[in-house]
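The values are calculated or read from the model by the stated rules, or taken from the named source; none is laboratory data. Note that this is a predicted model, so its numbers are computed, not measured. Here the Cβ is made from the backbone with ideal geometry for all residues, glycine too, and neighbour counts use every protein chain on show.
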Amino acid sequence: MATVADWGPASCPWKTPMADVAMQSPAVKAPTARARTLRGDAGIAWLLTLPAILAYCAMILLPLLAVLALAFTDYEFGARSFRWIGFGNFADMLGDRSFSASIRNTVIYCLFVAPLSIGIALGLAVLIEAGARGRAFWRAVFFLPVVSLTVAMATAWQYLLHPSIGPVNALLRMVGAGTPNWLGSSDWVIVSLGFIGVWENVGFNLVLFLAGLTAIPRELYAASEIDGARSGWSKFWLVTWPMLGPTMLFVIIITMTRSIRVFDTVQTLTQGGPNNASEVLLRTIYQEGFHYFRFGYSAAITLVFLVIVLGLMLIQTRLIDRRVHYG
Amino acid sequence: MQSRPLILDLPRLALLSLAAFVVLAPYIWMVAVSVKPQDEVFKASLSLIPQKWALVENYGKVLATIPIWTYIVNGLIVCFGILFFQILFAVPAAYALAKLNFRGRELVFGFVMLGLLVPYQTTALPLYLGIHQLGLLNSYTALIAPFTCSVFAIFLFRQFFRAIPDDLINAARIDGMGEFSIVWRVVLPNALPAATAFAIFSVVAHWNDLFWPLIVIQKGDLYTPAMGILAFRSVEAGEDYGALMAAALLVTAPLVLAFLLAQRRFIEGITMTGLKG
Amino acid sequence: MSGIVLHDIQKSFGATKVLRGVSLSVAQGEFLSLVGPSGCGKTTLMRIIAGLEAVSSGAVQIAGRDVTALRAADRDVAMVFQNYALYPHLTVRQNIGVPLMMRRLSAAERIPFIGGLLPGVAEKQRTINADVANAAEMLGIGKLMDRKPAQLSGGQRQRVALGRAIVRHPMAFLMDEPLSNLDAALRVTTRSEIVALHRRVGASTVYVTHDQSEAMTMSDRVAVMMDGLILQVGTPEDIYTNPQDLRVAAFIGSPSINMLAAEVAPDGHVTVGPVPVGVGASGHGPAILAIRPEDIAPHATGIAARIEHQEYLGESLLVHARVLDSGEQVICRLPPEKRRQVARGETVHLRPDPAKALLFDGDGRRLGSRVLSLEDAHG
C-alpha cells in the first residue's frame, strides 16, 4: 500500500517498507535475523540509545504515569497535599455541564470535519488526477493551509466571518441571504469552526488521496474500459473506490485524530464561547489545568482524551489487519 | 486523455478554481486588509484594492506595538533547537534498533511504539509541574525540552536505516570507523531524504504549535509567533484588522515562502510523517 | 466477412510519430501475431484496436462495423493485459464476471446490496454466474473461484485474465504479451493452451509479442512491425523463407540470418568477393546476400572462411566462421555428425544454397533472383 507515492525512488535510495512508515502500524514486527552478535554490540547499542531512553523516560514515560496517577487525586496546583479520590474525578465529569458540552462539541466538530474534509479532498483529488493541467499548482494551493500558522489564519477567518464588516456576510447581503453571526452565536459557532477545520484538513487529505490515486495501475482503468465501464462514474466505482480502500481508512483515522485535537482555532477565536458552545476537549483540559489549576480533574479529562485517541488507533490497526490488504 | 483540448477541460478547471478560491480567500483578504486603512475596513465592501494605502500605518503599528522580529527569532530558536535535539537523540537510537543486535531491543522498540500512540498534549500537566519545580518556566528550555525525544523520529529513522545494506556498515567497520562515526558519517547521510522530511515536519509542527507555549510562557520576550499574534489581538482589542492582518501575514510568511520554494519536499515530509500532527 | 480491418492508421504522441500508416486485415477467426522489437509501435496499435487510444488518422473496423470513434466499452473486444490487470479486490469469480455485469446489468442494478433487490436482477445474476462457471471450467480454474488475485500464482492469474476475456464471446481478442510474466517452462505449455483455446472460441485474435518464437509457433499469420510500420504480413513460413525486407529477414530466425556483401555483375551474376554463388539478378551494383544458417555449408568450392568456433546443440551443430576476404561472420547449421569433420582454425569453402539465397539491395529491399548453374557462371 502506498499512501505516499510521492516518495519516489529518487528520494529513497533503498526500498523502504513505506507501508510501515505511513501506516504507523503499532504491531511490533518480528525481529529480522541480523546475525551479527559480536560481544561489543550490546554495550555500544545501549550507549547509542541512552540519550533517547533518558529523554523518553523524562518527557514521555514518567509524565504519562504521573497523569495516570494524578487522574485519581484531587491535586490542585500549588496545594501542599492531595488525597486519592479513586474515580471521583470521573464521577464529577458526569455532572459537569461544561465537560459534557466539551465532549458533545468535540464529537460534532469531528463528525463535521472528517466527512466533509475527506469527501471534498477525494473529489478534488479525482478532479486533479483527471487531467494534466496544473497538477502541481492545484496541489500546492490546497496544501497551503497545512503549512500556515493556524493562529494567524484563524484571525484572517475571523475577519472574513465578521458579522458586520466581513466579506462573507457582505456577499450574503448582496444575494439577499441571512447574515449569521458566525463565530458569535451559539448556533453557528461550531459549524464555523468546523468549516475552518475542513479548510485546514482538505489539503492534507488531498495529498494522501493523490498519492493513492497515482498508485492505481493504469492498466486497471484500461481493463475496466474493455470490460464495459463506459462512464467515469462506473470506472470510479469499479476501480478507483476499491483501490483507494487502504488510503481511505488511513485518511479517516488521521483526520479523526487530527480533528479531535482541535485547539488553536477555538482558543484564538472563541475561547470556548459563547456560553460553552465551542468548548472542546483539549481546551477543557487546558482550562481546568492551567486556568483553574485543578490538575487532578484535568488529568482525568486527559485520560478520557487519551482513551478516545487510542480507540481510534486500535480500530485502525484492527481494520488494516483484517480487510484492506489486497496484496 | 493527457492532452484533452482546453475546451473540454474547462468544467474541471472551473470547479477546481472555485475550490481554490475558497481555500485562498483568507490569504487574499489577509493581504488586502493589511494595506487598508481602518475606515475602509469598516465599510465592509468586497473591493480588495484600497482607495488609500495604509501599508506603512498598519505594518508600522505592528512593529511599534509588538517585537515581532523577536517572536520570529524565538520561533526559529525553538524550532531548530527542538529539531537539533530530536536528531541528536533519535538517530543513534534508531541505528541501534535497526542494525545492532542486543538484548532488550524488542523492549525498547515496544516502548517506541507505545510512545507513538500518546499525543503530546497528554503529558502536559506533569511536564508543567516538573518544569515549574525546576524553576524553568519562561525559558527556552521549557519550550524545547519536552520535545527532545521524538519517538516518531526514532520510528521513522529505524525504518530507513533497516533498508541500508548491512554490507555498507560492515565495510565502514572494516575501514576502521567506530559505531559513532558510522551513525553520523555513513548512516545519516544515506538517510537524508528521511531526515529532510522529518525536519520539515518537525519545524512546521512546532512553528504552528500554540498549546504548549501558551502553558509555559507568560513573559512577552519569549513569545513564539503564534503567541505573539494572540497577544497582539488582546492588546489591540481585536478590532484593528489592518494591523492584525499585517501581523498575521508577517508570521505566516516565513513557512509559506519556504513551502512555495520547496513544495515537493514539504508535501512529502508532512504527509509521510503527518500521522503525528 | 472480415474480423478486424485497419486502414492507414497513423498515431503521434506530440511530435513523435509512433505509427506511420498501418493497414492490416485480420480474417474472421484468424490468429495474427504482431511481432517486433520494443518501441516499434505494436502495443500502441493494439491499444488503438481496443479503443484505449485514439487514432491521429485512419480507420478501424471490427466485424464490418466502423468503430474508429467508439470507446473500448462499445467495441466488443476482449483484451488480456501483460500484467493481467485483475481487480485485486474482487474474487476470481467476480473478476471473470465483471464484463458480463457491466453489460447485462444497468447502473442501478449494479449498486451493491440494493441492486440485488431490483426485479429480475437475481435471474440475471444467475445467468452471469453460470457463464462464469463455464469459462472457468474451460480454463480449469473452477476450484479457485473464491480466491483473490493475490492468492494466485502467475499462471493462475493468467488464466483468470483469459477467463475474463472469453466469458462474453467477444468479436475480437487482443493479447498484449500475455506470456511475458510467466517462467520459461510455463510459457511453452501456455502457448499451446492459448492456441487450443483460440480454436474453441474462434474469434479473431491479435497477439502482440516481442518473442518471435511465440509469433511463429502460435499464429496463422505474423505481422512484423518496425519503426511504426508493418514491414510484412504472412504465414510464419512465408515470413521465414521469403522475407521482403532485410530487417524482417534479420529479425526472424535464431541464430540470425547471415548477411554477406555481394555484387551483381553487369551480366546479372552475383558474386561474394571474387566467388560466384550461382545466383542471378537483374540490374547491377552492390547488394546483400542473406542466407539462413541451415542453407550454407562447406563445399569443395565456395567462399573461403576460417572456422572460429563451434557450438554443439545436440540436434545440430552451429559452426561460426569468418570470411577471409571481408572479415564477415557466418554461422552454418550443420548436422551434428559433421562435428568431427570441421576443426577450429581450418579454412573451408562455404557454399550457399542458390535456391535459398535471398538478395537485397542497399536499402534492404528484396531483389528478384534466380538460380544459375555454377557452370554457367564459370563459362
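Taken over segment B:150-177, the residue count meeting the criterion of being touching a Cys at 6+ places or on another chain (Cβ under 9 Å) and either modelled with pLDDT under 85 or surrounded by fewer than 23 Cβ atoms within 10 Å (Cβ to Cβ) (or both) is 1. Return yes when B:Val23 is surrounded by 13 or more Cβ atoms within 10 Å (Cβ to Cβ), in contact with a Leu (Cβ under 6 Å, 6 or more places away or on another chain) and among the β-branched types (Val, Ile, Thr) and no when it is not. The answer is no for B:Val23. Quick one: which of B:Phe266, B:Phe259 is within 13 Å of the chain's Cα centre (by Cα), modelled with pLDDT of 85 or more and closer than 30 Å to B:Val35 by Cβ? Exactly one residue qualifies, and that residue is B:Phe259. A:Cys57 satisfies every condition listed in (1) modelled with pLDDT under 90; (2) surrounded by 11 or more Cβ atoms within 10 Å (Cβ to Cβ); (3) under 30 Å from A:Phe293 (Cα atoms); (4) not aliphatic (A, V, I, L, M) except (1). Within segment A:216-232, identify whether any single residue is under 29 Å from B:Arg264 (Cα atoms) and either assigned to a loop (DSSP other than H, G, I, E, B) or touching a Ser or Thr at 6+ places or on another chain (Cβ under 8 Å) (or both), and answer yes or no. Yes: segment A:216-232 contains one or more residues that are under 29 Å from B:Arg264 (Cα atoms) and either assigned to a loop (DSSP other than H, G, I, E, B) or touching a Ser or Thr at 6+ places or on another chain (Cβ under 8 Å) (or both).
Scanning segment A:243-254 for residues that are within 14 Å of the chain's Cα centre (by Cα), buried (at least 21 other Cβ atoms within 10 Å of the Cβ) and more than 10 Å from chain B (Cβ to nearest Cβ) yields a total of 1.
Restricting attention to segment A:295-316 and to residues that are within 7 Å of chain B (Cβ to nearest Cβ) and aliphatic (A, V, I, L, M), the residue that is nearest to A:Ala91 (Cα to Cα) turns out to be A:Ala299. Of all residues in segment A:70-84, exactly one satisfies the criterion of being loosely packed, with under 15 Cβ neighbours inside 10 Å and either outside any loop (DSSP other than H, G, I, E, B) or in contact with a Leu (Cβ under 6 Å, 6 or more places away or on another chain) (or both), namely A:Trp84.
Give the residue, chosen from A:Ser224, A:Ser185, that is over 16 Å from A:Leu116 (Cβ atoms), within 14 Å of chain C (Cβ to nearest Cβ) and among the polar types (S, T, N, Q).
Details: A:Ser185 fails: within 14 Å of chain C (Cβ to nearest Cβ).
The unique qualifying residue is A:Ser224.
Out of C:Leu90, C:Leu86, one residue alone is part of a loop (DSSP other than H, G, I, E, B), touching a Pro at 6+ places or on another chain (Cβ under 7 Å) and in contact (Cβ under 8 Å) with a residue 24 or more places away in the chain. It is C:Leu86. As for segment C:48-59, it holds at least one residue that is more than 28 Å from C:Asn134 (Cα to Cα), within 19 Å of the chain's Cα centre (by Cα) and either modelled with pLDDT of 90 or more or not in a helix (DSSP H, G or I) (or both).
Conditions (1) within 23 Å of the chain's Cα centre (by Cα); (2) at pLDDT below 90; (3) of a type outside the set (Ser, Thr, Tyr), marked per residue:
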{"position": "C:Thr43", "(1), (2), (3)": "yes, no, no"}
{"position": "C:Met46", "(1), (2), (3)": "yes, no, yes"}
{"position": "C:Gln61", "(1), (2), (3)": "yes, no, yes"}
{"position": "C:Asp66", "(1), (2), (3)": "no, no, yes"}
{"position": "C:Ile96", "(1), (2), (3)": "no, no, yes"}
{"position": "C:Ser106", "(1), (2), (3)": "no, yes, no"}
{"position": "C:Ile111", "(1), (2), (3)": "no, yes, yes"}
{"position": "C:Gly115", "(1), (2), (3)": "no, yes, yes"}
{"position": "C:Gly120", "(1), (2), (3)": "no, yes, yes"}
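Inspection of segment A:230-238 finds no residue satisfying the criterion of being over 25 Å from C:Ile49 (Cα atoms) and in contact (Cβ under 8 Å) with a residue 24 or more places away in the chain. Filter segment B:178-203 down to residues that are in contact (Cβ under 8 Å) with a residue 40 or more places away in the chain and among the polar types (S, T, N, Q) and give me whichever is surrounded by the most Cβ atoms within 10 Å (Cβ to Cβ). By that ranking, first place goes to B:Ser202.
Looking at B:Asp175, B:Asp240, which one is more than 7 Å from every other protein chain (Cβ to nearest Cβ), without any contact (Cβ under 8 Å) to a residue 60 or more places away in the chain and at negative phi? If you could, list the steps in order and put the result at the bottom.
Working: B:Asp240 fails: without any contact (Cβ under 8 Å) to a residue 60 or more places away in the chain.
Only one candidate qualifies: B:Asp175.
Within segment C:249-274, if we keep just the residues that are in contact with a Lys or Arg (Cβ under 9 Å, 6 or more places away or on another chain) and not in a loop (DSSP other than H, G, I, E, B), the residue that is surrounded by the most Cβ atoms within 10 Å (Cβ to Cβ) turns out to be C:Ala249.
Selection of segment A:163-189 for residues being surrounded by fewer than 23 Cβ atoms within 10 Å (Cβ to Cβ), closer than 17 Å to A:Gly272 by Cα and not aromatic (Phe, Trp, Tyr) yields A:Asn181, A:Gly184, A:Ser185, A:Ser186, A:Asp187. Taken over segment A:259-293, residues that are surrounded by 21 or more Cβ atoms within 10 Å (Cβ to Cβ) and over 21 Å from B:Leu230 (Cβ atoms) amount to 2. C:Lys356 meets the conditions (1) in contact with a helix residue (DSSP H, G or I) (Cβ under 7 Å, 6 or more places away or on another chain); (2) part of a strand (DSSP E or B); (3) not hydrophobic (A, V, I, L, M, F, W, C) in every case but one. The failed one is (2). Whenever a residue of segment A:147-169 is touching a residue at least 40 places away in the same chain (Cβ under 8 Å) and at negative phi, its partners that are hydrophobic (A, V, I, L, M, F, W, C) and assigned to a loop (DSSP other than H, G, I, E, B), lying with C-beta atoms within less than 8 angstrom and at least six residues away or across chains, give the pairs A:Thr150/B:Leu210; A:Val151/B:Leu210; A:Gln158/A:Leu183. A:Tyr297 falls short on exactly one of the conditions (1) surrounded by 24 or more Cβ atoms within 10 Å (Cβ to Cβ); (2) part of a helix (DSSP H, G or I); (3) within 19 Å of the chain's Cα centre (by Cα), and that condition is (3).
Per-residue answers, yes or no, for (1) part of a helix (DSSP H, G or I); (2) basic (Lys, Arg); (3) more than 7 Å from every other protein chain (Cβ to nearest Cβ):
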residue: B:Phe109; (1), (2), (3): yes, no, no
residue: B:Gly130; (1), (2), (3): yes, no, yes
residue: B:Gly135; (1), (2), (3): no, no, yes
residue: B:Pro146; (1), (2), (3): yes, no, no
residue: B:Cys149; (1), (2), (3): no, no, no
residue: B:Asn170; (1), (2), (3): yes, no, yes
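Among the residues of segment C:1-9, some residue qualifies, meaning at least one is away from every other protein chain (no Cβ under 14 Å), surrounded by fewer than 16 Cβ atoms within 10 Å (Cβ to Cβ) and modelled with pLDDT of 90 or more.
Within segment A:306-320, residues that are closer than 13 Å to A:Thr257 by Cβ sit with their Cβ atoms under 6 Å from residues that are among the aliphatic types (A, V, I, L, M), at 6+ positions apart or across chains, in these pairs: A:Leu310/B:Leu117; A:Leu312/A:Ile253; A:Leu312/A:Met256; A:Met313/B:Leu117; A:Gln316/A:Ile253.
Specify which of the listed residues (B:Val31, B:Val73, B:Val56) is in contact (Cβ under 8 Å) with a residue 60 or more places away in the chain and either facing chain A (nearest Cβ under 9 Å) or of a type in the set (A, V, I, L, M, F, W, C) (or both). Step through it out loud before you land on a result.
Values: B:Val73 fails: in contact (Cβ under 8 Å) with a residue 60 or more places away in the chain; B:Val56 fails: in contact (Cβ under 8 Å) with a residue 60 or more places away in the chain.
From the options B:Val31, B:Val73, B:Val56, the qualifying one is B:Val31.
Pairs meeting the criteria (first residue in segment C:20-41 and in the same structural domain as C:Gln212 (by TED's automatic domain parsing), second residue among the aromatic types (Phe, Trp, Tyr), beta carbons under 6 Å, at least 6 apart or on different chains) are C:Ser33/C:Tyr207.
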